[in-house]
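Only one structure is covered here, and it is reproduced in the block below.
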DNA sequence: TGTTGACATCTGTATATACAAGTTTTATGA
DNA sequence: TCATAAAACTTGTATATACAGATGTCAACA
């Protein structure tokens with residue numbers, strides 16, 4: 001991986017200790033001063049580590065008191081955010097399986113081509129995710145080419161992100177996601193074994209590299225009875241809108 | 001508000017300039033060095049401001065080049081996170097209306113009382129959100145008492161967060177959210193004017209203060225045909241799980 | 001007993017400095 | 001002209017210092 005700096009290593013170390021209850025929920029971490037001594041670093045470095053844990057929801061910083069370990073881990077680990085199915089599988093200990101239904105080089109449908117130039121080539125990838133043997137999610141990915149020049153079948157079956165990051169050195173940076181509830185196309189309905197009205201939860205995402213170039217367009221169709229999205233959010237007080245005033249007549 | 005420090009004021013100022021296209025999408029912000037001169041501060045302060053904008057998805061920092069303004073604003077403003085309906089209404093310019101259906105002091109149902117002591121009193125609040133005159137969301141809130149001692153009808157109709165933060169000085173800090181799709185109770189189905197199978201998107205949230213005390217338990221029932229959740233997420237590389245190994249026999 | 005006030009401890013904010021590392025521009029030289 | 005190297009910029013990381021502000025402890029005192 002690419003965590004070769006102090007603040008990330010310290011954050012990672014403390015995160016693992018929180019997970020293993022070496023730092024127990026409802027207790028305080030050692031003070032920043034003590035952590036400085038423990039890790040042999042300056043206070044600013046420790047503070048940047050703690051800020052990462054704060055943002056992830058592992059701790060709550062309280063002025064004048066310390067950093068309190070929260071106990072929400074079981075519900076709200078990195079489900080939100082950009083996490084591959086493989087990583088989720090490992091983290092949550094699910095009994096999941098991925099079946100690759102299709103992998104071919106095509107063009108991105110113009111309906112999906114958001115701000116793309118015409119005739120954008122891509123790898124189209126369709127994968128069915130099974131949990132405990134039951135179909136749960138159908139993923140349809142377009143991996144744009146460029147930048148993705150090759151896509152081995154093995155990577156599709158295993159983990160695309162591991163392949164892109166570790167094999168090709170891609171820097172996956174951010175994504176936008178949109179969750180809606182829609183009526184599934186017949187093909188999807190069939191593969192997910194849906195009955196009734198055929199409603200699915202549709203998660204559309206656009207994923208970008210560190211240079212802000214788009215490289216992945218995904219539509220994930222989830223069985224509504226098995227869909228669960230958990231999120232941790234901090235209240236932000238930076239707003240981009242000024243107070244609305246009624247226009248003067 | 002409580003933004004009385006430099007880094008937040010600078011972040012806010014730059015965010016507004018991005019919104020008004022003074023800093024246009026696909027262009028770079030002034031360098032950190034120039035921003036130091038512009039605002040008369042040190043580089044670390046500027047960097048903390050930029051880090052906030054980076055986290056919100058307004059900019060992308062690129063090493064060696066600068067801070068690129070992203071153009072995802074229209075889709076992914078602060079819908080994720082902790083934002084009151086009133087704030088969303090203002091930000092997105094929706095034609096929305098809130099009708100208070102119920103406001104009374106009761107006990108929290110034991111089914112919802114997660115880790116609470118017995119017989120926790122609370123204000124129960126039921127509100128229907130209408131968009132363009134059509135029922136869209138039914139919110140059911142329990143505001144725990146303590147800490148919420150009084151809850152004026154006016155605050156329920158206007159904005160609870162504004163009341164708690166500005167009037168009472170509460171520090172709302174973080175929330176956990178869980179999104180599922182479920183069959184709505186008859187009472188909810190009726191109020192939302194639902195047909196068919198009566199499926200709704202259910203958003204359950206637990207909201208906490210800065211001292212980590214729980215103060216709000218919410219269930220939001222959304223009409224599935226009008227539900228849309230958008231999110232911006234950065235790839236985090238801090239993981240709390242070590243690589244799984246097959247157990248040795 | 002109960003309150004006040006001084007003190008120690010903790011996090012929050014801001015500044016200054018130094019060097020590493022990636023990118024772009026400029027200058028150099030064949 | 002073209003390729004290479006140097007320089008000038010950019011962000012990334014780490015350190016040290018200073019003071020503000022919140023919290024808890026404990027002794028002094030009424």
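Coordinate-derived values only; no laboratory data. It should be emphasised that the depicted structure is a prediction, and the values quoted were computed from it without experimental measurement. All Cβ positions, even for glycine, are placed from backbone atoms using ideal geometry, and neighbour counts span all protein chains on display.
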By the C-alpha gyration tensor axes a ≥ b ≥ c (rounded if a/c is under 1.5, else prolate when a/b exceeds b/c, else oblate), the shape of the range B:131-245 is oblate
Separation between the residue A:28 and residue A:65 pseudo-spin-labels, each 7 Å from Cα along Cα→Cβ, expressed in nm? 0.9
Hey, got the Cα dimensions of the range A:115-168 along the principal axes, in Å, largest first? 40, 26, 16
For the range A:6-69: Kirkwood Rh in Å [reciprocal of mean 1/r, alpha carbons]: 11.4
In nm, to one decimal, how far is the modelled label at residue B:228 from the one at residue A:17, with both set 7 Å along Cα→Cβ? 4.6
